[in-house]
Each structure stands twice: as C-alpha cells, then as structure tokens.
Amino acid sequence: MTDAATRRLPLIHLRGISRVYGHGEAEVRALDGIDLDIDEGDFVAIMGPSGSGKSTAMNVIGCLDAPTAGQYRFNGVEVAGLSRDLRALLRRHYLGFVFQGYNLLARTTALHNVELPLIYKGMGRAERHAAAIEALAKVGLEHRAHHDPSELSGGQQQRVAIARALAGNPQVVLADEPTGNLDTKLSREIMEVLRDLNETDGLTIVMVTHEAEMARYARRLIWMVDGRIERDTPTEEAA
Amino acid sequence: MLWETIRLAIQAIFRNALRSFLTVLGIVIGVGAVIAMVTVGQGSTEQVTADVEKLGSNLLMILPGEDAMEGGPAGTATPMFDLRINDLLQEQLALIDVSAPMSMSRGRVVFGNENRRTDIVGTDNRYFTAAGWEIARGRLFDTAELKSGKPVCVIGETVRKDLFGTADPLGEVIRIRKLSCEVIGLLKSKGASTFGNDQDDFVIMPLRTFQRRVSGNTDVNLMFAAVRDGVPTERAVREVEVVLRDLRRIGRGEDDDFTVMDMKQIASMLSGITGVLTGLLSAVAAVSLLVGGIGIMNIMLVSVTERTREIGIRLAIGAQARQVLMQFLVEAIILSLFGGLIGIAAGLSLGYLGASLLAIPFRPDAGVVLIAFAFSAAVGVIFGYFPARRAARMNPIDALRHE
Ligand SMILES: Nc1ncnc2c1ncn2[C@@H]1O[C@H](COP(=O)(O)OP(=O)(O)OP(=O)(O)O)[C@@H](O)[C@H]1O
Ligand SMILES: [Mg+2]
C-alpha cells in the first residue's frame, strides 16, 4: 500500500510533541516539537548530552507524563490528552519499564516483584505465578525466584526488573539507562538479554543510554540535542 | 485485588511490628478503658440491683435533715429522731409493717488480744426483720434485754472471724469502748455489697444499751421501715412524709427536715455513680482515641514518605490513584483494627480482673465490643485518609526519582 491515507500508523507515532516545564523566565523546553515513529518490533536507542530531554521523551512515550503540546498516537489511538488514570491503564496493559536504579521492592522476593504488575492486571494466583516464572526464565533467573533483591547482584537485579517489565506481556519495553549502574561485562549481559527479546520475541524496545557500545545492540539510534531529534539512523551506519 | 491489598497491608505492619504496636497504643488504651469500664459498670449495676432485691425493695430509709444523701449540713441544726417518734410512726402508719430505730457509731471492739474497728449499732429486733438478717447461731435480744438495756450483743460474721477465729463466740464477753458486752448471737453472712463494703462488719446491741453506754444520748440516727406487701412504695413514702411532718410539727409551707428514701432510689443513685464514672472514662477514652488516631496518621505519613519509591513503582506499572489510596487506607484501617482488637482483649481481661476484685459479676457487653471495633475502624479511615491521599496524588516520575 502506498496510499498515505490508508497506511496503518506505526505503533508509536509522535508529531510536534513538546514538554515545557515552568513558566516565564524559568521555562524549560525539555522537548521541543518532536516527530518520531517507532514500528512494532523495532529496537531504538536514544543518546544525547545530559539534559537533552531523553528521559522526558521516554516518560512521554511511556505515558508516565503527558506532553504540553503535540500529537501522540499509540496503536493509532490518541493518548496525549488522556487522564492520569487512563494513562495508568495504558501502562498496565501495553507498557513495561526498566529503570537505571532497578527499582525493585525491597524485602520482597524476585518472584513477587515480577508478579506485582500482574496483580494490577487482576490475574489469579496460579496464573500469575506461572507467568512470573516464565518471565524470570526469559532472563535466565528462574532459579533465583525466591531471593530478595538484597541477595542478588546488580546485573541479576536488573534482569529481575526486565522480567517484571516483560511479565505483563507488553507491546513496548522502555528502558532508561538500564546499564547505567553496571560495569561493562554486566552491561553486555543485560544488552544481550534485551537483544534476544527483540530478535526472538519481536518485542519493541526503546532504550536510553550514554554508552555507544550499548547503543550498538539496538537497530536504530536517535541522537537528541536540546529537546530535539538531531539524527535518526540505523545503528550499522551510525557506527 | 482487595485480598492482595489486605495481605500486603498486614505484611507492611508486621515488617515493623514494634513500631506498629507503639503506634496503636493510643487506640489500645482508649478501647481497653471503655470496655473495662463498661464491663465493670454493668456488673456493678447488676450487683446493686441484686443486692437491693435481697434487701427487699419494700424498704424505706428515713433520715433526719433534708437531702441527707447529698451530705448537706445535716445534724447540726436538724433535730434527730428518737424512739418515741419511731414508735409513733409505726403506730400511725397504715402502709408500714414495722419501723426499726437505728443509732450508729464507729468504734473498736476488743476480745482478748484481738481487736477490730467496726460499726456499732443500737437497734431492736424489728431491724433484723426489716433488713432480712437471719441468725446463724445463738439468739436475738429478749424483751428484758431490750427494756433495761442489758450489755448483750449480736455480731456479724466478719467481726466473729476477726476476734474469735476458730473459737466459739457465744457467751464470751467482748469490750466495746468502756462497755463489756456478752455475745448472744451470730448473724448469717450476707457477704460484700456492690461496692465491696463488707455488710457483715458490725456489732449490734439493744438501742437502750447503745444510748446509755455508747452514745450517751437518746438520739435515733435513722429509721428503717418495711412497707406492707403489695403497697406501692411511692404511696408509703407519701404517707411517711405526711405523718412525720405532723409528728415533727412542721408547718405548712415549711420544708421537710427529714428525707425518706426507698431502696430503689438508693439503687438508682448507686448506678448513677457508676454512670458518672463510665461517662468520665469514656471522655478519657475519646481523647485517647483521638491521640491514637493522630499517632496513626503520623506513622502513615512517615510510611508514605519512606515508601515513595514503592509508590512510584506501583504507579509506573499501572496502579491507579485509587488503588494506591486503597492500599494505604487499608493499611491504616488494619493497623487501627489491630489496636482495637488488642484493646478489646485488654479491656475484657481488665474487666474480668476488676469484676473478680470487686466481687461483682463479669458482664462483657457484645454491643460495646462491636462499637469499639467499629470505632477503631473509623479512626483508621479518618486518620488514614489524609496520608493515603498524599500517596495517591504522587507523580510517578518524581516518586521514582525519590532517594
Ligand atoms: N520535573 C522537572 N521540572 C523542571 N525541569 C525539568 C524536570 N524534569 C526535567 N527537567 C529539565 O528538562 C530537561 C531535560 O531533562 P531530561 O531528564 O529529560 O534530560 P536527560 O536527557 O534525560 O538527561 P540525563 O542524560 O542527565 O538523564 C533538563 O533541562 C531538565 O533540567
Ligand atoms: Mg535521563
């Protein structure tokens, strides 16, 4: 199909997205009119200097934050103006998050951490347990299911966090500096997990990183400066 | 989901068991105090009622002075009764069976090396009939003893135990002040009354003996009148008032210089005292619940701050504001319900202890227990709402970034 009008929209479709903090003198344009399309099955790395708006972009894409202006269609549905609670529902059913600081619940086993989003999905006990074990298996940690985060290494904790993001079977996983707290060896492990998920399961991943080496695991690299997208290239060429 | 929320709340509470317990102490004290008080109060009310029934609710107590029970300046200006008045009253009252004159004083009674401070009462055999005393051993006074005021006495069980132990009191001579007095009878024990005062702790002698050898005057301190069977007490009281006003020559428009009380009135007065006590303690309990509620609010606010990141995680993975609100609200409610339960247990135990100490029946009240439970839940809702709302209103991005 070449007809633009009938062409299906990509999974993530941003047009003229802005996010402005503060008013008047103190105004900060964290995002300044971004256009971005991400297809299902893509693996996108976002890089750029500190303060360039990478995290803000992730938050908007992940529906944690609402843009000040612009259009955001997720799965073809306009979500830019949705209420807090509706955005929560979107996150619950379609989005998974991985954070730099793992953000696991302390004194709570890996299994329970992974089950957490499933509780909000209203899944029953047995089903939840099975799904959580399956997600832990995908990151190679099913044998650590009953350990607390404090008993796991940083890399293992981040893998549990990835399992938690996967457990709800989301369409997109958003990872803001997932390797930011890890050394190179563990970082590579995490990136391999993400790449496998993208390649074998066709999971759509958007990731922010400061390290070019980690960005190379992605298929596509976006370079941001001052709240704008400056470059958007496949990773093979960018390297 | 609700079950998960409750499970989660219980986990959070037990993760900090000591802190949780200290937090709910106010509620424990408040609920415990109310339940203990109500339990004891109901037991004593029941005991008073039973006591009065034992006495016979057809008894009237006639005291000199108006408002004698309110402890006005009776005695000084008010003329006492005497035996003549008592007998005239009995003669002229159609609705009264007997009227017993009584004079009383406190003093020490001595037998051998033993002694005891007790009530010394002067009266005649009419008192035993009116107040329902039965003789356990020995006999009551005979006419000659009453007429000439012989030094004889009938003693209560407590006095017997204290002075004689295992020895036989009958025929022994005890000393009451300067009077040497032969024990001729022993009364059957009535045990403790409602407020724990020992009804068996007294020595009784003929009125004349008392007047001559103990008080040194001819006063009668009070009269005990038994209302005829089937006569409404109110009518008997009115009759006493009319006749006594006449006997004491009180003119029209002048106030009574005596008080007539029936035992029902005394009972209601006694339970009135219990009521006042219950009211006072309820006020203390209310303050305590308020303090307890503030304690819960405080600890929930701390908890919300401590768990900001957790809230951020939950919001990020798709919890809605009302689910976070629910989580913290349920936690506050369960916390205060725990407090309420501990308070109920403590209150019932205290009530049981109090009841056995005061020798009154243990009467836990299911209604009050339920109300206490509901109240602690309400404290949880009211004081948990504000912290929970604060948690629910958090911005997930800020919450996740919280250190
Ligand atoms: N809550 C906020 N209030 C005000 N300004 C904010 C807020 N969040 C971000 N900003 C500003 O928006 C701009 C973009 O921030 P953002 O966190 O998106 O940058 P970033 O590219 O993720 O940086 P880094 O690489 O350091 O993580 C920055 O100038 C930042 O100061
Ligand atoms: Mg950032």
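The values are calculated or read from the model by the stated rules, or taken from the named source; none is laboratory data. Treat the numbers as computed from the prediction; the structure is a model and nothing was measured. A quick note on method: Cβ atoms are made from the backbone with ideal geometry, for glycine too, and the neighbour counts reach across all protein chains shown. With ligands, DNA and RNA removed, areas are computed over all heavy atoms of the protein, side chains included. Shrake-Rupley method; radii C 1.70, N 1.55, O 1.52, S 1.80 Å.
With the structure loaded, tell me whether A:GLY48 is surrounded by fewer than 24 Cβ atoms within 10 Å (Cβ to Cβ), more than 13 Å from the chain's Cα centre (by Cα), under 27 Å from A:GLU199 (Cβ atoms) and within 15 Å of ligand 2 (Cβ to nearest atom) or whether it fails that test. Yes, satisfied. Checking A:ILE38, A:ILE17, A:ILE34 one by one, the residue that is buried (at least 19 other Cβ atoms within 10 Å of the Cβ), farther than 21 Å from A:ASN169 by Cβ and more than 16 Å from ligand 2 (Cβ to nearest atom) is A:ILE17 and no other. Answer yes or no as to whether B:ARG137 is touching a strand residue (DSSP E or B) at 6+ places or on another chain (Cβ under 7 Å), in the same structural domain as B:LYS178 (by TED's automatic domain parsing) and open to solvent by 60 Å² or more (accessible area, probe 1.4 Å). In short, yes.
Matching residues to (1) within 12 Å of another protein chain (Cβ to nearest Cβ); (2) among the aromatic types (Phe, Trp, Tyr); (3) out of contact with any Lys or Arg (no Cβ under 8 Å at 6 or more places or on another chain):
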site	(1), (2), (3)
A:ARG87	yes, no, yes
A:TYR94	yes, yes, yes
A:GLY101	yes, no, yes
A:GLY154	no, no, yes
A:GLN158	no, no, yes
A:ASN181	no, no, yes
A:LYS185	no, no, yes
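Taking region B:370-403 as the range and being of a type in the set (Val, Ile, Thr) and open to solvent by less than 40 Å² (accessible area, probe 1.4 Å) as the test, the residues that pass are B:VAL379, B:ILE397. On inspection, A:LEU116 passes the criterion of being under 29 Å from B:ARG7 (Cα atoms) and either in a loop (DSSP other than H, G, I, E, B) or within 14 Å of chain B (Cβ to nearest Cβ) (or both).
Considering the conditions (1) farther than 16 Å from B:ARG116 by Cα; (2) open to solvent by 60 Å² or more (accessible area, probe 1.4 Å); (3) at pLDDT 90 or above, B:GLY171 is excluded by exactly one of them, (2). Consider A:TYR72 carefully, then state whether it is surrounded by fewer than 24 Cβ atoms within 10 Å (Cβ to Cβ), in contact (Cβ under 8 Å) with a residue 24 or more places away in the chain and over 29 Å from A:ARG231 (Cβ atoms). Against the criterion (surrounded by fewer than 24 Cβ atoms within 10 Å (Cβ to Cβ), in contact (Cβ under 8 Å) with a residue 24 or more places away in the chain and over 29 Å from A:ARG231 (Cβ atoms)), A:TYR72 does not qualify.
The strands (runs of 3 or more DSSP E) located wholly in region A:1-83 include none with 2 or more residues which are polar (S, T, N, Q) and within 16 Å of ligand 1 (Cβ to nearest atom).
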